[in-house]
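Nothing in this text is a laboratory measurement; each read-out follows from the coordinates by a stated rule. Just so we're clear, the structure is a prediction, and the values are computed from it rather than from any experiment. As a convention, Cβ positions derive from the backbone with ideal geometry for all residues, glycine included, and neighbour counts pool all protein chains shown.
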Amino acid sequence: NQETIIMEDYDFSQAEAGASETIPMEAGQIKKGGLIMIKGQPCKVAEVSTSKTGKHGHAKCNFIAYNIFNNKKLEDMIPSTHGTTVPIVTRTEYTLIDISDEDYVSLMDDDGNTREDLKLPDYPENYDHELKETFESGETILVTVLKACGKEQIISHKKE
């Protein structure tokens, strides 16, 4: 069960399907809770403030955002009429089948396809141990894998 995160307020019609991991967007279109690329990192916007700059200056958007994988805070200032990019993010749910001694996870999707190319997440701290303990208790666990900009990481889990 794969869900692509789409922001209703944005017009994605100029984006080419599958061509890229980001799409172009005018800075002034990006709202709180939306996504933005800052310093090459996919981020979720926590705050946006717009400042007017003088008689002939353009309004500038100040973004405070957090990396979607490690929650590191990033800031950027972009004139509201200038272009920036927004990451394309997908979430996929898998059943956790096994965890190897090297911390690689075996995952199965709804169609029965398996993959063993992801490691336990190193963020948040001790989350890998929490996942291991829950798995070792014999529960069936569904994990959510977030994918953006060529990176994939388990971001949450729940008992089935």
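Derived scalar couplings between HN and Hα for the range 136-152 equal 5, 6, x, 6, 7, 10, 9, 10, 9, 9, 9, 10, 7, 6, x, 10, 10 Hz in order, rounded to whole Hz, by the Karplus curve 6.51 cos²θ - 1.76 cosθ + 1.60 (θ = phi - 60°), x for Gly and Pro.
Taking a straight Cα-Cα cut-off under 29 Å and skipping sequence neighbours fewer than 8 places away in the same chain, the lysines within cross-link reach of Lys158 are Lys32, Lys44, Lys72, Lys73, Lys119, Lys132, Lys147.
Restrict the search to the range 93-144; then list the trypsin sites (Lys or Arg not before Pro) that DSSP places in a loop and that have at most 12 other Cβ atoms within 10 Å of their Cβ. Before the final figure, lay out the partial values.
Values: sites: Arg115, Lys119, Lys132; in loops: none.
Sites meeting the loop and neighbour criteria: none at all.
With N set to the residue count of the chain, report its C-alpha Rg divided by 2.2 N^0.38 Å to two decimal places. Walk me through the intermediate numbers first.
Values: Rg = 18.6 Å, N = 160, 2.2 N^0.38 = 15.1 Å.
In units of the globular-protein estimate, the chain measures up at 1.23.
Ellipsoid fit via the Cα gyration tensor, the range 49-125: semi-axes of 42, 15, 8 Å, each the root of five times an eigenvalue, largest first. Working note: Karplus 6.51/-1.76/1.60 with θ = phi - 60° gives the range 48-58 the couplings 10, 10, 10, 10, 7, 10, x, 5, 10, x, 9 Hz, where Gly and Pro are set to x.
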